[in-house]
Amino acid sequence: MSSVSAGASRSTLQRFLGGYGQEIVVLLSIVALFIVVGFVNPRFLSDTNINSIFAGNAYIAIAAIGMSMIIIAGHIDVSVGAMIGVIATIAGTLAVAGYPVWIAWSVPILFSIVVSAGTGALVAYTRIPSIVVTLGMLSILKGGLISATDGAWISNMPPEFMIAQMRPFGIPSAVYFMVALTILAALFMRYTDFGRAIYAVGGNMEAARAAGINPERSVIGVFALHGLFTGVAGILFATQLQVIQSTVPPNLELTVITASVIGGVSILGGTGTVIGSTLAAILFACIGSALIFLNVSAYWLRAVLGLLILATVLADMARRRRAQ
Amino acid sequence: MTASKLLRHETILAVLTIIALAVLASLSDKFFTAENLLNQGRLMSEVGLVALAMTFVIVTGGIDLSVGSILGLTAILLGVFWKNLGLPLPLAIAGALACGTFAGWVNGFIITRFSVPPLIATLATLALYRGLAEGISEARSVRGYPEWFYVFGQGEILGVPFQLWILGIATVVSAVILGLTPFGRATYAIGANETAARFSGIRVHATKLWIYTAAGFVSALAAVIFVSRVTTTRSDMGTGLELDVITGVVLGGTSIFGGRGTIIGTVLGLILIQALKNGLALSGVKGDGTIVVIGLVLIGAILIGAMFDKNRGG
């Protein structure tokens, strides 16, 4: 970002805004969307709808936090959707089998962290591109899941297991998770040595090594963290409905990657923030819901969403070109 | 770069493929029959056609995630042009092919004109094209094509499936273009170092535009074959095709960073995947268990390649 060098002549506020350009664009889009759609159809602003937008998509935002870290470190994970399907199935199976809920929640999350760290180790030490390794993981997880379950649905889970449906103080718990994890991750990325090492490794691996960072260990660490976020996302996904379909949610990895990228994480690594990806995930959820309230045929939802993604990307490229 | 170095991954892959074929043949006597092998060739034609163009795309250092969506969109347009607009079927096919090709050109245009990274550009068009297919079709399928149309997907010439001829011709053509022509050398040069390629007078943007347009065309061609093979048109056709295609290309030794890869490698990669899918299914492994094996083979093959050549990847 060129704003760093020009920072001296600008006010603190300007510098702050400059560093978060993409995030602010996404945030303003969300606000504009609420105002316009709420004006056309006030029911869009009802508690029920806003709750369902935020709670129903929190797991995507949380997965996008981990994905953003991965992309900032210069890597990618196309197996995240399959992993969420696997986590949900393990959690549901354990819960139905009568294990205490804390086991049903924590075992799949641990599984996700271990597998993801293993993927990270493979990427870090063999130098095989992460897209290739995670493409392989996608096949392994997806195939393993379907052969293990035959696509049987899981239902009759105990009510105390359904964490995503709990509503402390009237707000869905998924929203608490989304907000808390976004803030924690943002602070972590900005103020800890490890967080800054992730940016350094993504920006230039050899320079990071010269600066005393162990790039291999950082990559494994960031994959393990990503596994943690994916795990939490998987548990929320598993508990938001009364059944778990024990299949891989179609195109989920693309939704998560898109949220990260639109939120301002450069696919080339080294820049971006996790706040942006959460905002982008919310924006998509709002757009999807808004189109329904504006009476756009459900069949055209994805086309409109695709067009908006394209417009956002082009606007972002134009903004970056101006900034240079 | 010497020929022996270029062929190293392909050699490993060829050996792997032969071992796999031998093992699979010993596991089931239905596997190594002409009938079964030709039928498998039929099934891999659609992925194979797209993989040929994807090899060029990845050799330039790019990627095209929208191929499956282009396939779906073309299939829907074919049905709509013919059934809803009442065009004669040959004209409907030509129109659908033109639209698919145009969709590929749009990818190339966004990537070259606005310098959007290919991963992001085609991520957006993946959603857009699939969305158009869903919107236009409104979840209705089109059936009842005339008998002659099924030749593309179900016919035979000299006992070999029709689409295998197309795949064979396309393979030879793309191997010649990538291996022996200035266009092919430009493709490698762009993938190795785009800036250097530009300063050497290579028309980087024009080359990329051609390649993404070609990817659109073969995806559209695959759509026509697909519709003809399964005799119906649905908007979810080709979902996930991009990952199958990329798996084949990468297994074939094409570096995801660009600058390295061959058509021979891609074809070997495709054959290995298809043989594993079919052979394991015949030997009693459940359908989805084979996907696990393919994932393991993908990682394993790249790992072996990396051990033989410490300089690759990275």
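The values are calculated or read from the model by the stated rules, or taken from the named source; none is laboratory data. Note that the structure is predicted; figures quoted are calculated from it, not measured. Glycine also receives a Cβ, built like all others from the backbone with ideal geometry; neighbour counts cover every protein chain displayed.
Conditions tested, residue by residue: (1) of a type in the set (S, T, N, Q); (2) under 21 Å from the mean Cα position of the chain (by Cα).
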residue	(1), (2)
A:Ile235	no, yes
A:Thr239	yes, yes
A:Leu252	no, yes
A:Ala280	no, yes
A:Leu294	no, no
A:Arg302	no, yes
A:Ala315	no, no
Can you name the condition, by its number, that A:Ala285 falls short on among (1) closer than 30 Å to A:Ala32 by Cα; (2) more than 12 Å from chain B (Cβ to nearest Cβ); (3) not in a helix (DSSP H, G or I)?
(3)
May I ask you to verify whether A:Ser147 is within 8 Å of chain B (Cβ to nearest Cβ), polar (S, T, N, Q), in a helix (DSSP H, G or I) and within 14 Å of A:Gly81 (Cα to Cα)?
no
With the condition being farther than 23 Å from B:Gly72 by Cα, I'd like the helices (runs of 4 or more DSSP H) fully within the range B:143-216 carrying at least 3 qualifying residues.
B:162-180, B:182-192, B:194-199
Residue tally, condition within 30 Å of A:Leu301 (Cβ to Cβ) and more than 14 Å from chain A (Cβ to nearest Cβ), over the range B:129-154:
4
Pick from the range B:277-286 the residues that are within 11 Å of chain A (Cβ to nearest Cβ) and touching a helix residue (DSSP H, G or I) at 6+ places or on another chain (Cβ under 6 Å): which of them is modelled with the lowest pLDDT?
B:Lys286
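Among B:Ser26, B:Ser69, which is of a type outside the set (D, E, K, R) and surrounded by fewer than 19 Cβ atoms within 10 Å (Cβ to Cβ)?
Values: B:Ser69 fails: surrounded by fewer than 19 Cβ atoms within 10 Å (Cβ to Cβ).
Matching residue, one of B:Ser26, B:Ser69: B:Ser26.
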Go through the range A:305-323 and give me each residue that's of a type in the set (A, V, I, L, M), facing chain B (nearest Cβ under 7 Å) and either surrounded by 19 or more Cβ atoms within 10 Å (Cβ to Cβ) or touching a helix residue (DSSP H, G or I) at 6+ places or on another chain (Cβ under 7 Å) (or both).
A:Leu305, A:Leu307, A:Ile309, A:Leu310, A:Val313
Could you tell me whether the range B:35-42 includes any residue that is free of Cβ contacts under 8 Å to residues at least 40 places away in the same chain, assigned to a helix (DSSP H, G or I) and not hydroxyl-bearing (Ser, Thr, Tyr)?
yes
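Considering only the range A:282-301, I want to know if a residue exists there that is in contact with a Phe, Trp or Tyr (Cβ under 8 Å, 6 or more places away or on another chain) and without any contact (Cβ under 8 Å) to a residue 24 or more places away in the chain. Explain how you work it out, then say what you get.
Our first condition is that a residue be in contact with a Phe, Trp or Tyr (Cβ under 8 Å, 6 or more places away or on another chain); within the range A:282-301, this holds for A:282, A:285-286, A:289-291, A:293.
Filter again for without any contact (Cβ under 8 Å) to a residue 24 or more places away in the chain, leaving A:291.
Yes, some residue in the range A:282-301 is in contact with a Phe, Trp or Tyr (Cβ under 8 Å, 6 or more places away or on another chain) and without any contact (Cβ under 8 Å) to a residue 24 or more places away in the chain.
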Can you tell me how many residues within the range B:157-202 are basic (Lys, Arg) and loosely packed, with under 14 Cβ neighbours inside 10 Å?
0
Which one of these does A:Gly227 not meet: (1) within 14 Å of another protein chain (Cβ to nearest Cβ); (2) buried (at least 24 other Cβ atoms within 10 Å of the Cβ)?
(1)
Quick one: is B:Phe32 aromatic (Phe, Trp, Tyr), part of a loop (DSSP other than H, G, I, E, B) and either without any contact (Cβ under 8 Å) to a residue 60 or more places away in the chain or surrounded by fewer than 17 Cβ atoms within 10 Å (Cβ to Cβ) (or both)?
yes
At pLDDT below 75 and either crowded, with 19+ Cβ neighbours inside 10 Å or β-branched (Val, Ile, Thr) (or both): does that describe A:Ala164?
yes
Considering only the range B:71-86, I want to know if a residue exists there that is away from every other protein chain (no Cβ under 11 Å) and not in a helix (DSSP H, G or I).
yes
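Does at least one position in the range A:246-259 carry a residue that is within 23 Å of B:Thr125 (Cβ to Cβ), more than 14 Å from chain B (Cβ to nearest Cβ) and either surrounded by fewer than 21 Cβ atoms within 10 Å (Cβ to Cβ) or not acidic (Asp, Glu) (or both)?
Within the range A:246-259, the subset within 23 Å of B:Thr125 (Cβ to Cβ) is A:248-259.
Restricting the remaining residues to those that are more than 14 Å from chain B (Cβ to nearest Cβ) gives none.
Taking every residue of the range A:246-259 in turn, none turns out to be within 23 Å of B:Thr125 (Cβ to Cβ), more than 14 Å from chain B (Cβ to nearest Cβ) and either surrounded by fewer than 21 Cβ atoms within 10 Å (Cβ to Cβ) or not acidic (Asp, Glu) (or both).
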For the range B:245-258 the number of residues that are surrounded by fewer than 22 Cβ atoms within 10 Å (Cβ to Cβ) and part of a helix (DSSP H, G or I) is 0
In the range A:103-144, the residues that are surrounded by fewer than 19 Cβ atoms within 10 Å (Cβ to Cβ), away from chain B (no Cβ under 14 Å) and among the hydroxyl-bearing types (Ser, Thr, Tyr):
A:Ser106
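Can you say whether A:Val222 is facing chain B (nearest Cβ under 10 Å), in contact with a helix residue (DSSP H, G or I) (Cβ under 6 Å, 6 or more places away or on another chain) and touching a residue at least 24 places away in the same chain (Cβ under 8 Å), as far as the supplied structure shows?
Numbers: facing chain B (nearest Cβ under 10 Å): no; in contact with a helix residue (DSSP H, G or I) (Cβ under 6 Å, 6 or more places away or on another chain): yes; touching a residue at least 24 places away in the same chain (Cβ under 8 Å): yes.
Considered against the rule, which asks whether it is facing chain B (nearest Cβ under 10 Å), in contact with a helix residue (DSSP H, G or I) (Cβ under 6 Å, 6 or more places away or on another chain) and touching a residue at least 24 places away in the same chain (Cβ under 8 Å), A:Val222 comes out as no.
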Among what's in the range B:133-154 and is small (Gly, Ala, Ser) and either modelled with pLDDT under 85 or under 12 Å from B:Val230 (Cβ atoms) (or both), pick the residue that is surrounded by the most Cβ atoms within 10 Å (Cβ to Cβ).
B:Gly153
Qualifying positions in the range B:290-303 - farther than 15 Å from B:Leu24 by Cα and either within 7 Å of chain A (Cβ to nearest Cβ) or hydroxyl-bearing (Ser, Thr, Tyr) (or both):
B:Ile291, B:Val292, B:Gly295, B:Leu296, B:Leu298, B:Ile299, B:Ile302, B:Leu303
Filtered residues of the range B:107-123 (kept if in contact (Cβ under 8 Å) with a residue 12 or more places away in the chain and either within 24 Å of A:Pro250 (Cβ to Cβ) or in contact with a helix residue (DSSP H, G or I) (Cβ under 6 Å, 6 or more places away or on another chain) (or both)):
B:Asn107, B:Gly108, B:Ile110, B:Ile111, B:Thr112, B:Pro118, B:Leu119, B:Ala121, B:Thr122, B:Leu123
Might you check whether a residue that is under 25 Å from B:Val285 (Cα atoms) and crowded, with 19+ Cβ neighbours inside 10 Å occurs anywhere in the range B:47-56?
yes
